[in-house]
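First up is the structure itself, then whatever we jot down about it.
What follows is calculated from the coordinates using simple rules that are stated; it is not laboratory data. No experiment lies behind these values; they were computed from the predicted model shown. All Cβ positions, even for glycine, are placed from backbone atoms using ideal geometry, and neighbour counts span all protein chains on display.
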Amino acid sequence: MRSKQRNSELTRREFVGLTAALAAVGLVGSPGNSVNATPVEAGVTAWSSFRNGNQLRGLATSPLPEKLELLWKVPVDDGVTATAAIVGDHVFAATYGGELICLERKTGQRVWTYFSAEKKKPTSFIPGFQSSPTVTGELVLIGDEDGIFHAVERATGKLRWKHETLAEIVSSAAVVGDRILFGSYDATLYCLDLNGKEIWKFDTADRINGSPAIAGNMTFVTGCDQHIRAINIKTGEQEFDLEIERFLIASPCVDKLMLYVGTHESEFLAINLENQEVVWRYKDEAREFPIHSSAALTDNLVIFGGQDKLLHCLERKTGKPVWTFAAKGQINSSPVVVGENRVFVGSNDGYVYEVGLDDGIQRWKAKLGRSVTASPAVGEGCLVIGAEGSEGEIHCFGARP
């Protein structure tokens, strides 16, 4: 069904009742109100989706060795802009050349390769993948630049089913119980079941760039229509709509009643979802720097990259700057926090960096070659990240046995 949008302006009666409505759909209140939001049947040290969890907080659950070494690298056609997934003994990576690849985590050897479309000749163009793969117990889920959403068997790499949208898909999928959520450039948020059957879809006013963030029974949708929308996962109905008058390329991250997201207009916003108010705004008035990087969110800090070539760390509660780290290229990659005091991020200068979470001081870097807009994936004791370009590569770092 196609859902109906509610009026974005709340009456006083609606405003007073908002907290109760949020509790009813599972955003506040006891955890028992929430549907299952586990995207994969895997160990706690996996990295199974774009930001490693439906809240999109960018927190690794796997440790990394103090000294990182290159374990392997795999050349790929047209490079990589998407974040890999690491589950068990395998790495799942998608390329701009239209390949979804399953690799042995320890060696980098190919297990299987799935193509977005039939490749009649080695030089044939097929739709590329900018969306990051999401891995479930049985499937790998991903959208392509022709608007086709693919469900591929995790064990074999064979197609299980496809779902067609009307435009490019850069949003990665969220899996909530038996439902799959993703956005498309056709300005629609889709909800499918695990067999690919459409349950509902919701029309926005413009392209959806961000991956859906989940809190309780609601998902939050961002994109080019300059709105943040809360959609009930069960019904497909819009619970509320906050017009922010900013283009959103980055995906939001959420925790409890707060949502955090950077804008194309060089602002970073902290939004209280209970009263739909911007709690604080962060902007460097001296220069413009669009923010396409999705933030990493700890209990006390929020970290994101900017096209000003800086990695920014702010106090989560106040938005006050804590530190910045300067790269030599734009930082469109989304940072990942590992353990108590490590942050990893890529840059268009061709490097992946490690900096201290407490001070922003560089601890390690590795040259990957071309621009690095992909975000790191950290799982099962290793870090995997890809580089762009016709001679792009997927790199895996860890500790040698």
Note: SER390 to PHE125 extended length (0.36 nm per residue) minus current alpha-carbon separation gives 94.1 nm
In Å³ per residue, the alpha-carbon convex hull of region 179-262 encloses 82
Simple spin-label estimate for VAL279 and GLU153 in nanometres, 7 Å along Cα-Cβ:
4.7
For CYS382, CYS224, CYS313, ascending order of other Cβ atoms within 10 Å (fewest first) is CYS224, CYS382, CYS313
Charge-dipole axis of the chain as Lys and Arg at +1 and Asp and Glu at -1 on Cβ define it, positive-most pick from LEU273, ALA117, TRP72:
TRP72
Sequence ranges 284-291, 366-373, 240-247, ranked by mean other-Cβ count within 10 angstrom, highest first
366-373, 240-247, 284-291
Given charges at beta-carbon only (K, R positive; D, E negative), |dipole| of the chain in Debye:
560
If the reach is capped at under 14 angstrom between alpha carbons, list the aspartates and glutamates near LYS234, excluding any in the same chain fewer than eight residues apart.
ASP178, ASP193, GLU198
Can you give the Rg to Rh ratio for region 48-149, taking only C-alpha atoms and Rh from Kirkwood?
0.98
Residues ASP359 and ASP146, FRET efficiency given R0 of 45 Å [Cβ-Cβ distance, rounded to 0.05]:
0.50
May I ask you to sort THR81, THR61 by Cβ crowding, counting other Cβ atoms within 10 Å and putting the fewest first?
THR61, THR81
With 10 Å bins from 0: P(r) over the chain, alpha-carbon pairs, percent:
5, 25, 35, 25, 9, 1, 0
So, with points 7 Å from each Cα along the Cβ direction, the GLU118-ASP193 label distance in nm works out to 3.0
Normalise the Debye intensity by I(0) for region 172-213, one equal point scatterer per Cα, no solvent, then take log10 at q = 0.19 Å⁻¹ and round to two decimals.
-0.49
Structure shown: which of LYS328/LYS365; LYS328/LYS367; LYS67/LYS365; LYS283/LYS309; LYS119/LYS367; LYS67/LYS320 lie over 23 Å apart, alpha-carbon to alpha-carbon?
LYS119/LYS367; LYS67/LYS320
Nitroxide proxy distance, nm - points 7 Å out along Cα→Cβ at TRP161 and THR235
2.5
So if we plug the beta-carbon distance of THR107 and LYS67 into 1/(1 + (r/R0)^6) with R0 = 22 Å, what FRET efficiency do we get, rounded to 0.05?
0.65
Value at 222 nm in deg cm²/dmol, rounded to 500, when DSSP H runs of n ≥ 4 in the chain each add -39,500 (n - 2.57)
-1000 deg cm²/dmol
Taking Cα centroids, how far is region 267-345 from region 128-193 in Å?
28
Cβ-Cβ FRET estimate between ASN300 and GLU265, R0 fixed at 41 Å, reported to 0.05:
0.95
With charges set only on the Cβ (+1 for Lys and Arg, -1 for Asp and Glu), what does the dipole of region 134-192 come to about its Cα centre, in debye to the nearest 20?
280
